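Data first, discussion second: the structure below is written as structure tokens.
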Amino acid sequence: ILMVKPAGSYLDIISDFRNSCGLPIAAYQVSGEYAMLKSAARDGVFDFEDALMETLVGIKRAGANIILTYGALEVAKILKS
């Protein structure tokens with residue numbers, strides 16, 4: 001497994017690795033990325049759930065096979081509903 005962190009800042013690197021190596025790509029949405037989403041949502045900039053899912057879909061589209069995020073429990077609730 002090849003780990004890329006922080007995931008959001010390195011989507012191009014995730015994509016490059018996906019296209020150039022045969023290893024599974026893990027992307028880590030680090031605490032600072034998660035905290036920025038929480039803070040901006042708290043300030044009314046956007047809806048937290050929408051922003052969280054959009055960032056994770058972007059990481060997946062870049063080529064990550066595995067995504068680690070502090071929002072895992074929230075994502076599970078979103079996907080369950």
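A few comments on the model shown:
- Within segment 30-51, residues that are of a type outside the set (A, V, I, L, M, F, W, C) have Cβ atoms under 6 Å from residues that are assigned to a helix (DSSP H, G or I) and surrounded by 12 or more Cβ atoms within 10 Å (Cβ to Cβ) in these pairs: Glu33/Gly8; Glu49/Ile78, counting only partners at least 6 apart in sequence or on another chain.
- Residues located in segment 11-29, provided they are over 21 Å from Ala76 (Cβ atoms) and touching a residue at least 12 places away in the same chain (Cβ under 8 Å): Leu11, Asp12, Ile14, Ser15, Phe17, Arg18, Asn19, Cys21, Leu23, Pro24, Ile25
- Only residues that are open to solvent by 50 Å² or more (accessible area, probe 1.4 Å) and of a type outside the set (A, V, I, L, M, F, W, C) were counted across segment 56-73, and they come to 4.
- Segment 7-26, residues that are surrounded by 11 or more Cβ atoms within 10 Å (Cβ to Cβ) and either of a type in the set (Asp, Glu) or closer than 14 Å to Gly71 by Cβ (or both): Ala7, Gly8, Asp16
- If you filter segment 27-54 down to residues that are of a type in the set (A, V, I, L, M, F, W, C), within 10 Å of the chain's Cα centre (by Cα) and within 15 Å of Lys5 (Cβ to Cβ), you find that the one that is surrounded by the fewest Cβ atoms within 10 Å (Cβ to Cβ) is Val30.
The values are calculated or read from the model by the stated rules, or taken from the named source; none is laboratory data. The model shown is predicted, which means the values in this text are computed figures rather than measured ones. Cβ coordinates were reconstructed from backbone atoms using ideal geometry, including for glycine residues, and neighbour counts include every protein chain displayed. Accessible surface areas use protein heavy atoms only, side chains included; no ligands, DNA or RNA. Shrake-Rupley method; radii C 1.70, N 1.55, O 1.52, S 1.80 Å.
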